[in-house]
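The values are calculated or read from the model by the stated rules, or taken from the named source; none is laboratory data. Computed from a predicted model, the values in this text were never measured in an experiment. Glycine gets a Cβ as well: all are built from the backbone with ideal geometry, and neighbour counts include every protein chain shown.
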Amino acid sequence: MISRATLDSWLRPASPEPAKPIDDRERRGLWIEITIVLLVTFGASGLSGILSLSESLLIPAPLADQSVALNVPRAENAFIDAARQLLGVVQLLAWSGLGLYLLWRSGFGPSSIGLGRFRWRPDATQGVGLAALIGLPGLGFYLLARAFGANLTVVPSTIEDHWWRLPALILWAIANSGAEEVLVVAYLITRLRQLGWGENSSLLASAVLRGSYHLYQGFGGGVGNVVMGLVFGRYWQKTRRLWPLVIAHATIDSVAFVGYTALRGHVGWIP
């Protein structure tokens with residue numbers, strides 16, 4: 001059982017190194033950079049998520065009677081579809097590369113944000129633990145939200161049964177995890193710290209952004225991912241390790257994508 005002292009320790013933000021003072025010109029530059037980065041990545045996805053939820057609410061059918069697919073075919077021809085799936089994966093990896101490059105240019109190398117040398121035992125163990133901590137309650141929360149009509153029916157994949165389907169789904173899971181954890185956690189919180197934001201306010205901004213681009217799934221998807229963002233963001237603030245978050249996120253998505261493909265038609269509650 002978790003002690004009160006341990007819980008209080010994790011709820012309290014860590015004391016990061018004091019941010020270097022920046023002048024007005026640098027401040028404006030950072031805000032411009034953050035705005036551009038978000039508008040070409042997850043900020044635009046967040047606005048799209050809000051519009052998608054609004055559209056779903058305007059449909060007479062309840063949210064639970066509507067469905068949304070996460071991974072869909074991108075072409076009728078199987079080879080073109082595979083190439084476009086791979087292109088989507090590359091685009092997400094480029095998003096994470098953009099965040100890493102901009103941080104590196106301003107003096108925050110991969111090691112300083114927790115992507116230095118991978119430590120197999122602690123990083124993998126903590127990553128799997130975080131996946132269980134978020135994934136299992138998250139599944140229950142999704143089913144509860146759907147039962148109360150607050151969430152759409154989420155279909156992890158509608159990709160046809162090609163030989164490359166499972167590798168593509170795993171690549172999507174890895175690319176999603178890398179892009180989200182680099183940009184939404186490490187990049188955004190680091191930049192907000194530079195702007196003088198406190199640990200709690202930057203954590204909340206990161207979590208709300210994560211929730212916003214999952215609103216296309218419904219209110220449950222938005223709220224559930226805000227909670228995930230609070231846990232993941234605080235973990236990073238306390239440990240400065242990003243590898244466990246990437247592993248946890250990739251594990252959650254891989255289990256959802258591949259598990260759905262394997263169990264669909266064999267388990268009654270899977271649509």
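Of all residues in region 232-253, exactly one satisfies the criterion of being surrounded by fewer than 20 Cβ atoms within 10 Å (Cβ to Cβ) and polar (S, T, N, Q), namely Thr239.
The set of residues in region 65-84 being touching a residue at least 60 places away in the same chain (Cβ under 8 Å) and either over 21 Å from Tyr213 (Cα atoms) or over 19 Å from the mean Cα position of the chain (by Cα) (or both) consists of Asp65, Gln66, Ser67, Pro73, Ala78, Asp81, Ala82.
Residue by residue, here is whether (1) closer than 25 Å to Gln85 by Cα; (2) of a type outside the set (Val, Ile, Thr) holds:
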{"position": "Trp163", "(1), (2)": "yes, yes"}
{"position": "Trp172", "(1), (2)": "yes, yes"}
{"position": "Glu181", "(1), (2)": "yes, yes"}
{"position": "Thr190", "(1), (2)": "no, no"}
{"position": "Gly196", "(1), (2)": "no, yes"}
{"position": "Leu203", "(1), (2)": "no, yes"}
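Could you list, in sequence order, all residues of region 131-180 that are of a type in the set (Gly, Ala, Ser) and closer than 14 Å to Ala248 by Cα?
If the condition is that a residue be of a type in the set (Gly, Ala, Ser) and closer than 14 Å to Ala248 by Cα, then Ala131, Ala132, Gly135, Gly138, Ala173, Ala175, Ser177, Gly178, Ala179 are the ones that fit.
Looking only at helices (runs of 4 or more DSSP H) that fall completely inside region 21-107, which ones have 3 or more residues that are of a type in the set (Ser, Thr, Tyr), surrounded by 11 or more Cβ atoms within 10 Å (Cβ to Cβ) and at pLDDT 95 or above? It would help to see each step written out before you state the result.
On the way: elements: 24-40, 42-58, 78-105.
Once the helices (runs of 4 or more DSSP H) in region 21-107 are filtered for at least 3 residues that are of a type in the set (Ser, Thr, Tyr), surrounded by 11 or more Cβ atoms within 10 Å (Cβ to Cβ) and at pLDDT 95 or above, what remains is 42-58.
Can you name the residue in region 148-158 that is in a loop (DSSP other than H, G, I, E, B) and among the hydrophobic types (A, V, I, L, M, F, W, C) and, of all such residues, is surrounded by the most Cβ atoms within 10 Å (Cβ to Cβ)? Full working, then the answer.
Quick first cut of region 148-158, residues in a loop (DSSP other than H, G, I, E, B) only: 148-150, 152, 158.
Now narrow it down to the ones that are among the hydrophobic types (A, V, I, L, M, F, W, C): 148, 150, 152.
Numbers: Phe148: 12, Ala150: 18, Leu152: 24.
Residue satisfying both the conditions and the ranking: Leu152.
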